Amino acid sequence: MDIEKDNLPDDPELLKKMLTDLAVKYESLDEKYIYLDEKYKTLQRMLFGKKSEKLTEEDENQMRFFNEAEEGAAAPDDPGENSPGETASKTTEVKSYTRTKGGRKPLPEHLHREEIIHDLTDDESACPCCGDDRPVIGEESTEELDIIPPKILVNKHIRKKYGPCSCNDFLEEEIPEIKTAAMPPRLIPQSIVSSGLAAYIVTAKFCDGLPFYRQSKIFTRLDIDISRATLCNWAMAVAEKCSPLVDLMTEEIRSGPLIRMDETTLQVLKEPGRPAESKSYMWVAMGYTAEEKPLILYRYHPTRSGNVPKEFLEGYEGWLQTDGYGGYNRAVEGRNINHVGCFAHARRYFEKAWKLNKKSKVGYKGLDYIKKIYAVENELRGENLKPEIFTEKRKKAVIPILDAFYNWLETQKDSVVPKSKAGEAIRYTLSEWNKLIRYLDHHLLTPDNNLIENVIRPFVIGRKNWLFSNTPRGAEASATLYSLIETAKANGLEPYKYLRYLFDHLPAANTKAELRTLLPGRLS
């Protein structure tokens with residue numbers, strides 16, 4: 001409504017209506033300004049700001065300026081036994097700490113030592129007075145680390161041949177005249193690949209993020225001609241040999257007590273019926289065996305459809321921890337699955353509200369509540385308690401924090417701009433609340449889904465180096481090999497040593513029982 005200040009109506013009711021309309025209009029404009037301002041600051045932070053979500057000590061101290069009134073009001077007046085005219089003396093407890101001595105760590109004892117003796121010459125060790133040798137009273141040692149480029153050798157398999165015996169019985173029995181020693185089963189028959197070479201190239205790419213074209217150049221420097229295409233074909237052949245192991249891991253995860261799931265993008269150039277620039281996805285699941293040994297599975301799929309987790313969870317009954325993506329909600333509908341949320345995602349919303357507006361009490365207060373939840377988790381995890389005791393103590397310590405957090409969210413939800421970052425943080429946390437608090441009921445569950453995100457990180461780092469997969473077959477091979485390597489790492493196995501052992505024994509494993517003995521959890 002346009003208002004002419006020199007021509008205002010005399011009617012009080014009409015004036016009141018005009019002021020009400022103006023208030024609504026400016027309130028709407030104020031909300032729009034907050035939304036656009038936060039959007040602008042978000043873009044600025046994405047381009048120029050630090051990516052860490054950690055609330056530093058400086059941030060916490062700075063926020064106390066804005067919370068001074070509340071903190072003062074919340075502090076109880078407790079003069080103790082002092083008389084009204086006396087001032088209670090205050091003491092501050094300072095936690096002691098152990099200073100870590102500087103210097104580099106000693107080199108591992110298992111490394112082979114080559115001793116290089118440095119001694120005086122006969123003239124230098126002779127006494128300048130009488131000419132006799134001076135006595136040796138000790139020695140000083142200094143260690144330096146040396147490295148030799150990869151040692152490459154050729155395994156030359158020689159199969160002995162035996163001809164016919166000259167006895168009469170041999171000729172009469174019609175026994176085959178030539179008998180050759182059997183060749184042990186090989187990982188990739190009719191190729192030059194040994195189990196050691198296969199383990200080396202797979203570890204280099206899927207553990208160390210070294211693309212095959214770079215590996216090919218390294219081999220060229222060592223005077224070995226192995227093309228990138230050959231390395232790709234070997235990796236895919238090895239992955240197909242390992243697929244029965246991944247099937248066993250899938251069975252064990254589905255029969256276990258808990259699954260975490262997440263997904264990340266992947267580009268596959270030659271997917272049938274799709275442009276090269278289309279987004280595909282690598283889905284990741286982390287579960288446990290009956291002995292609570294971790295299992296990690298990667299699965300390639302062209303889409304982010306909710307049907308992917310729905311199919312994977314077919315027949316599963318237990319706990320599922322994920323982020324707030326709606327596809328997981330659809331996957332658990334009508335199933336005996338306890339769906340658990342992720343406090344790290346809720347924290348991310350509050351962190352954005354706080355970073356974009358340092359005066360935001362909502363952002364800081366939300367972070368403070370979540371920080372208290374994690375403090376309890378970290379403290380109890382460090383005590384190595386039995387599962388049932390851990391779960392009981394965690395509930396007792398965290399439920400009061402969660403109750404206070406929820407009540408605070410309810411009081412704040414109507415006092416913030418809905419489209420602001422603070423409004424989004426409160427809305428997300430309340431909508432996910434029932435899932436967020438379910439982690440309390442199982443000792444393997446944590447407040448967040450960060451364990452699965454940490455498992456995805458090696459794939460994301462590797463993706464920065466090799467950028468894309470050429471074909472769906474290559475993406476499926478990557479999923480298989482990442483599954484084996486990350487499961488080996490999660491069980492404390494060194495990836496190259498595990499893969500070499502696996503590739504040595506896999507060709508001779510013909511039954512499920514034999515394959516099961518090769519799973520990383522059985523060797524840790």
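Among residues belonging to region 223-248 that are assigned to a loop (DSSP other than H, G, I, E, B) and of a type in the set (A, V, I, L, M), point out the one that is surrounded by the fewest Cβ atoms within 10 Å (Cβ to Cβ).
Restricting attention to region 223-248, the residues satisfying the condition of being assigned to a loop (DSSP other than H, G, I, E, B) are 223-227.
Going one step further and asking which of them are of a type in the set (A, V, I, L, M), we end up with 224, 226.
Details: 224: 12, 226: 19.
Taking the candidates together, the pick is 224.
Quickly run through region 491-524 and pick out the residues that are of a type in the set (A, V, I, L, M, F, W, C) and either farther than 15 Å from residue 207 by Cβ or modelled with pLDDT under 95 (or both). Reasoning before the result, please.
Of region 491-524, the ones of a type in the set (A, V, I, L, M, F, W, C) are 493, 499, 502-503, 506, 508-509, 513, 515, 518-519, 523.
506, 508, 509, 513, 515, 518, 519, 523, listed by residue number.
Looking at 355, 359, which one is over 30 Å from residue 288 (Cβ atoms), crowded, with 17+ Cβ neighbours inside 10 Å and charged (D, E, K, R)?
Matching residue, one of 355, 359: 355.
Search region 182-208 for residues being of a type outside the set (A, V, I, L, M) and closer than 17 Å to residue 470 by Cβ, and hand back the single one that is surrounded by the fewest Cβ atoms within 10 Å (Cβ to Cβ).
First pass over region 182-208, keeping only residues of a type outside the set (A, V, I, L, M): 184-186, 189-191, 194-196, 200, 203, 205-208.
Within this subset, residues satisfying the condition of being closer than 17 Å to residue 470 by Cβ are 205-206.
Working: 205: 24, 206: 27.
Per the criteria, the residue is 205.
Every residue, every condition in (1) modelled with pLDDT under 55; (2) touching a Leu at 6+ places or on another chain (Cβ under 8 Å); (3) surrounded by 10 or more Cβ atoms within 10 Å (Cβ to Cβ), yes or no:
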position: 70; (1), (2), (3): yes, no, yes
position: 75; (1), (2), (3): yes, no, no
position: 84; (1), (2), (3): yes, no, no
position: 102; (1), (2), (3): no, no, no
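Of a type in the set (Phe, Trp, Tyr), without any contact (Cβ under 8 Å) to a residue 40 or more places away in the chain and surrounded by fewer than 19 Cβ atoms within 10 Å (Cβ to Cβ): does that describe residue 496? Let's see the steps before the verdict.
On the way: of a type in the set (Phe, Trp, Tyr): yes; without any contact (Cβ under 8 Å) to a residue 40 or more places away in the chain: no; surrounded by fewer than 19 Cβ atoms within 10 Å (Cβ to Cβ): yes.
Considered against the rule, which asks whether it is of a type in the set (Phe, Trp, Tyr), without any contact (Cβ under 8 Å) to a residue 40 or more places away in the chain and surrounded by fewer than 19 Cβ atoms within 10 Å (Cβ to Cβ), residue 496 comes out as no.
Restricting to region 308-344, count the residues that are free of Cβ contacts under 8 Å to residues at least 40 places away in the same chain, outside any loop (DSSP other than H, G, I, E, B) and over 18 Å from residue 476 (Cα atoms).
The qualifying residues number 8.
Is it fair to say residue 347 is within 26 Å of the chain's Cα centre (by Cα), assigned to a helix (DSSP H, G or I), within 30 Å of residue 479 (Cβ to Cβ) and not assigned by TED's automatic domain parsing to the domain that holds residue 287? Give the steps one after another, and end with the answer.
Values: within 26 Å of the chain's Cα centre (by Cα): yes; assigned to a helix (DSSP H, G or I): yes; within 30 Å of residue 479 (Cβ to Cβ): yes; not assigned by TED's automatic domain parsing to the domain that holds residue 287: yes.
So residue 347 fits the description; yes.
What's the total number of residues in region 159-190 that are in a loop (DSSP other than H, G, I, E, B) and either without any contact (Cβ under 8 Å) to a residue 24 or more places away in the chain or aliphatic (A, V, I, L, M) (or both)?
Keep residues of region 159-190 that are in a loop (DSSP other than H, G, I, E, B), which gives 159-160, 163-167, 173-178, 181-190.
So of that shortlist, the ones also either without any contact (Cβ under 8 Å) to a residue 24 or more places away in the chain or aliphatic (A, V, I, L, M) (or both) come out as 160, 163-167, 173-178, 181-183, 187-190.
Count: 19.
Matching residues to (1) assigned to a strand (DSSP E or B); (2) at pLDDT 90 or above:
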position: 256; (1), (2): no, yes
position: 261; (1), (2): yes, yes
position: 271; (1), (2): no, no
position: 276; (1), (2): no, no
position: 283; (1), (2): yes, yes
position: 286; (1), (2): yes, yes
position: 290; (1), (2): no, no
position: 296; (1), (2): yes, yes
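Is it the case that residue 212 is crowded, with 16+ Cβ neighbours inside 10 Å, free of Cβ contacts under 8 Å to residues at least 12 places away in the same chain and not hydroxyl-bearing (Ser, Thr, Tyr)? Even if it seems obvious, please write down each step before you answer.
On the way: crowded, with 16+ Cβ neighbours inside 10 Å: yes; free of Cβ contacts under 8 Å to residues at least 12 places away in the same chain: no; not hydroxyl-bearing (Ser, Thr, Tyr): yes.
When the stated conditions are applied, residue 212 does not pass them.
Please count how many residues of region 378-390 are in a helix (DSSP H, G or I) and either out of contact with any helix residue (DSSP H, G or I) (no Cβ under 7 Å at 6 or more places or on another chain) or on the phi > 0 side of the Ramachandran plot (or both). Write out each step before concluding.
Going through region 378-390, the residues in a helix (DSSP H, G or I) turn out to be 378-381, 387-390.
If we keep only those that are either out of contact with any helix residue (DSSP H, G or I) (no Cβ under 7 Å at 6 or more places or on another chain) or on the phi > 0 side of the Ramachandran plot (or both) as well, we get 378-379, 381, 387-389.
Number satisfying all stated conditions: 6.
Based on what the data block shows, is residue 357 in contact (Cβ under 8 Å) with a residue 12 or more places away in the chain, more than 23 Å from residue 459 (Cα to Cα) and not assigned by TED's automatic domain parsing to the domain that holds residue 518? Don't jump to the end; show me each part of the working.
On the way: in contact (Cβ under 8 Å) with a residue 12 or more places away in the chain: yes; more than 23 Å from residue 459 (Cα to Cα): yes; not assigned by TED's automatic domain parsing to the domain that holds residue 518: yes.
Against the criterion (in contact (Cβ under 8 Å) with a residue 12 or more places away in the chain, more than 23 Å from residue 459 (Cα to Cα) and not assigned by TED's automatic domain parsing to the domain that holds residue 518), residue 357 qualifies.
From the set of residues in region 156-178 that are out of contact with any Lys or Arg (no Cβ under 6 Å at 6 or more places or on another chain) and at pLDDT 90 or above, which is farthest from residue 230 (Cα to Cα)?
If we take residues in region 156-178 being out of contact with any Lys or Arg (no Cβ under 6 Å at 6 or more places or on another chain) and at pLDDT 90 or above, then 161 is farthest from residue 230 (Cα to Cα).
Which of the helices (runs of 4 or more DSSP H) found entirely inside region 410-518 contain at least 3 residues meeting this: of a type in the set (A, V, I, L, M)?
Working: elements: 421-431, 433-436, 450-466, 472-490, 495-505, 512-516.
Per the criteria, 421-431, 450-466, 472-490.
The values are calculated or read from the model by the stated rules, or taken from the named source; none is laboratory data. In this text, all values refer to a predicted model and were calculated from it rather than measured experimentally. So basically every Cβ, Gly included, is an ideal-geometry build from the backbone, and we count neighbours across all protein chains shown.
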